Structure formats: C-alpha cells, structure tokens
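Participant: Dropping a structure here in structure tokens format, bear with me for questions.
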Amino acid sequence: SRNFKNVLVVSIGFLSLFTAYGGLQSLQSSLNAEQGMGVASLSVIYAAIIISSMFLPPIMIKNLGCKWTIVVGMACYVSYSFGNLYPGWYTLIPTSFILGLGGSPLWSAKCTYLTISGNVQAAKDNKKGADVVNHYFGIFFFIFQSSAVWGNLMSSLIFGQDSNIETNIPEDILSTCGAHGCGITLETNSNSTNGTTSSRPAQKLIWTLLGCYIGVGVLAILIISIFLDNIDHEQTSQFRGNREPFCHTFLATFRLLKDWRLLTLIPLTMYSGFEQSFLSGEYTKNYVTCALGIHYVGYVMMCFGAANSLCSFLFGRIARYTGRAALFFFAAATNLACIIALLIWKPHPDQLPVFFVFTALWGMADAIWQTQTNALYGVLFPRAKEAAFANYRMWESLGFVIAFAYSTFLCVEYKLYIVLAVLVISMITYPLVEYYEYKNPTEPIEQAAYEIPKNKADEAGIISQTWM
C-alpha cells in the first residue's frame, strides 16, 4: 500500500541520517574526551531538545506538515557532523544546540506521520488501529536501529587502518575498567600517564570518517524530500488558513501534562534516556575503550544495532499477541540482569565475547522500550499526537541530560545504581496506565478524520470528523 511505502521511505531516511549521528554519538565520550567536551556536547544536544520540545513540534508540524518538518530537522543533525570536523568548544556546542532544536520536531513529526499512516491503513483494512500502528513502528525501528550497524562499521573499519593502535593494555589500566572505574581520557599520544588506554586516531582518518557521515546525512535529506508523500497537506493548509492563537499552539505540549496518564509515564520515558546514555556514554568508554581500545567501539555497537533492529521487527509483530505489558516486563528483567552483571564483571581482553553479549541483550531490551513506548503514546493520545510525542521527546531527553551531566563526576558503579533506581520506579508507575487503558480503552481516530473530501467538508462547514 501507499502507506506502507511511506513507512519504508521514512525508515530508510532515518537509517541514513542516524548512520552518521549514531556513530558520532558512540565515539564522543572517547574521541573528544578532553575536559569532557564530547559528553558536554551530548548534554547540550538533549538540553536543547528539551527546550524545543516545549513549543517547536506543534508549531512546525502544523505549519510545515510532517514531511518538511522532518527535512528541516535532518538538516540540523547534519550540522553536528560539520562541527566535529574541527572539534572545540566554539564548534561543538553551537552545532549541538542546533541539532537539539531540530531533534524534537524531527522525532515528533516522524511519530505523528507513522500514527496517521497506521490509522488510515487500519480503517481501509478494517483492522484495529493500535495493531497497525504497532506494526508500523516495528518496521520503522527494524530498519532504523540497523543504523548502529552501518555507522559503527564505518568507524571501526576506518580507525582500524591506524598504524598506532595499541593492542597490549597493561594490567594496571585494566584494573580500572568496569563498574569500579571513574573514567579514562583519550589523548593524542599513547603515553599512559593518566589512565589512558589508547591513542587518538590520526586526524586524516577522523576527517575521512566525518566526510562519510556528512555524505549519508545529505542523502537522508534528499530521500525524504523526493520520495515521501505529504499526507497531511490538507490539514496543514487548513491550519494556516484558520490560524490558532500563537499561545494556544505554544502551550499545547504543557496542556497535555494535565492528563495524569502522561505524568505517570514520565519515569518510563526518562528511563529510555538513562539506559541509552549509559550504553553510548559509559559502556563504550569504561568497558570497551578501556579494555579493548577505541577501534573496538564500532564492532561492539554493531552488535547492539543488529540485535536492536531484529528485535524491533520481531516485537512489533508479536505485540498484538502478547500485549505491551508482557514485553515491557521482559525488557525490565533483561536490563535488571545486565545491570547486576555489569556491577560484578571485571572486563578483560581475554573475555571478548562477553562484551558483545551485553550489547546484544541491551539492544533486545532497548527494542522494546523504543517500539512499545512510542506506540503507547500514539494509542493513548490520538487527538494530541504532536503534543504527546513532543512530551515523549522532552522527558526522554531530560533522562539523557541528567545522565550525561553527572557522567564526568560519578564513578560507573553509582551510575549503574541510578539507572537501576529509575528502572524500578518505571515498573511501578507504568502498570497503572496500562491497567486503566485495559479498563477504559482510548478510541482511535479513524480514517475519516484524515481523509474528508474537500467539497463535502466545505459544504457542511466541517473541519474534521471522526466515525463513531
């Protein structure tokens, strides 16, 4: 169907864009470790996403439509790759802020687009809207999460050409790796005077990698601009013709906070930020780079991306049989087991397969957090999709900001305890929403809300209509 084609176009566009950004994010804590600059840039990104989530998504989506909001957001992401060409406080921080401003509208537009497509297709096929939306999110994350494979493959293959790679890491350095370590620093030379385990790759190789990342980012913009249908064109034109007061659109994100269901989902949404930031910021630096070297970061994160991608597709399909709750608790149990094991484990190069096992399990759990939480927001708030997904991005980003903010101050052990605490709170609050939804199902917006013949709408003076 045309809707399925659009889902594939969105997915491939995001795959191309995040091949670049995902690879860069995985390397920031190791590559730009001087004065914590890399982690600081990630904190700025998610702080800017919080700011943009407060007002930009509803304004941009209602004025530009989902398609062109996605294009503008992608352009903001590409600017971050340019900032990394000459990393410094005056290049990384401004481009991080630009990326963050475009991040929330980008993701909110994507989620809104998939939710509309799913509801329209469900009405055509006489299926349950939630099932089709779940399926579409599963397809999206199946394709999107594989970006971690390609982006990290690029970095490992390119950095693997460096002739200065250190392969023999001293035992005194290995003893500082893992949960009881308090961070390492990657210097431009290989002298291990302050806990350094590996030298920084040659600048020529870094520029080669960034050139590849910029290329695939521009490709993503072209794919969306050329091949994606503008499915909400009528609603966008109608909004511009009957413009609401600015303050009404501006406050849409905050008005939704009156709904107790959204407030109850905040811990679960923030946990998504905590668990992703731990893997990309702490596991890559204090386990992989510390014990194996920076050239292994890409290979280990490829395993995460592959597991995440496959499980996203799998869980998107089986959710209709198992329900969301069973999958959420399965993901929680998986993360709980990983956290306990990471607290105990002392990483060593001789245990190479274990590094990949942890990322595979983490990727499987993250597939559930991403697909099911996004679908849950779409099901619970069908009449306020833009504001709902803006809230999702805002609270998830707050989790990222908090985690990256304490990254340079706390030892890994305490970071794991914080992630564990947020997980436990999430599994206490989430079932309340699920139980209420089970007892009082939210009515989805059917196809008629999106596809009204224009002449009939004009005759009847109808702006939008929902089938009973």
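The values are calculated or read from the model by the stated rules, or taken from the named source; none is laboratory data. Nothing here was measured: the structure is a model prediction, and the numbers come from that model. Cβ sites come from the backbone with ideal geometry, for glycine too, and all protein chains shown count toward neighbours. Note: areas computed on protein heavy atoms with side chains; ligands, DNA, RNA excluded. Shrake-Rupley method; radii C 1.70, N 1.55, O 1.52, S 1.80 Å.
Participant: Would you confirm whether or not the range 22-32 contains a residue that is at pLDDT below 85, of a type outside the set (Asp, Glu) and closer than 23 Å to GLU386 by Cβ?
Facilitator: No, the range 22-32 has no match at all.
Participant: Looking at ILE428, ILE418, which is the one that is of a type in the set (Val, Ile, Thr), within 19 Å of ASN286 (Cβ to Cβ), outside the structural domain of GLY103 (by the TED database) and assigned to a helix (DSSP H, G or I)?
Facilitator: From the options ILE428, ILE418, the qualifying one is ILE418.
Participant: Shifting gears a bit: Check PHE355, PHE404 and return the single one that is farther than 30 Å from LEU101 by Cα, of a type in the set (Phe, Trp, Tyr), assigned to a helix (DSSP H, G or I) and open to solvent by less than 30 Å² (accessible area, probe 1.4 Å). Even if it seems obvious, please write down each step before you answer.
Facilitator: Values: PHE404 fails: farther than 30 Å from LEU101 by Cα.
Selected residue: PHE355, the only one of PHE355, PHE404 that is farther than 30 Å from LEU101 by Cα, of a type in the set (Phe, Trp, Tyr), assigned to a helix (DSSP H, G or I) and open to solvent by less than 30 Å² (accessible area, probe 1.4 Å).
Participant: Still on this structure, I have one more. Select from the range 431-456 the residues that are part of a helix (DSSP H, G or I), among the charged types (D, E, K, R) and within 18 Å of GLY378 (Cβ to Cβ) and write down the one among them that is modelled with the lowest pLDDT. Talk me through it step by step, then tell me what you get.
Facilitator: Restricting attention to the range 431-456, the residues satisfying the condition of being part of a helix (DSSP H, G or I) are 431-439, 447-449, 454-456.
When the remaining residues are screened for being among the charged types (D, E, K, R), the result is 434, 437, 439, 454, 456.
Now drop any that are not within 18 Å of GLY378 (Cβ to Cβ), which leaves 434, 437.
Details: GLU434: 90, GLU437: 87.
Here the residue is GLU437.
Participant: Restricting to the range 123-143, and then to whatever is closer than 30 Å to GLY215 by Cβ and open to solvent by 20 Å² or more (accessible area, probe 1.4 Å), can you tell me which residue is modelled with the lowest pLDDT?
Facilitator: PHE142
Participant: Scanning the range 15-63 for residues that are outside any helix (DSSP H, G or I) and among the aliphatic types (A, V, I, L, M), which turns out least open to solvent (accessible area, probe 1.4 Å)?
Facilitator: Among those residues, the one meeting the criterion is ALA33.
Residue-wise test of (1) at pLDDT 90 or above; (2) in contact with a Ser or Thr (Cβ under 9 Å, 6 or more places away or on another chain); (3) open to solvent by less than 50 Å² (accessible area, probe 1.4 Å).
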site: ILE184; (1), (2), (3): no, yes, yes
site: THR188; (1), (2), (3): no, yes, no
site: ASP232; (1), (2), (3): no, yes, yes
site: ARG240; (1), (2), (3): no, no, no
site: PHE250; (1), (2), (3): no, no, no
site: ARG255; (1), (2), (3): no, no, no
site: PHE278; (1), (2), (3): yes, no, yes
site: GLU282; (1), (2), (3): no, yes, yes
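Participant: Would you be able to tell me the number of residues in the range 366-399 that are part of a loop (DSSP other than H, G, I, E, B) and closer than 19 Å to PRO105 by Cβ?
Facilitator: Let us first name the residues in the range 366-399 that are part of a loop (DSSP other than H, G, I, E, B), namely 381-384.
Retained after the next criterion (residues that are closer than 19 Å to PRO105 by Cβ): 381, 384.
The qualifying residues number 2.
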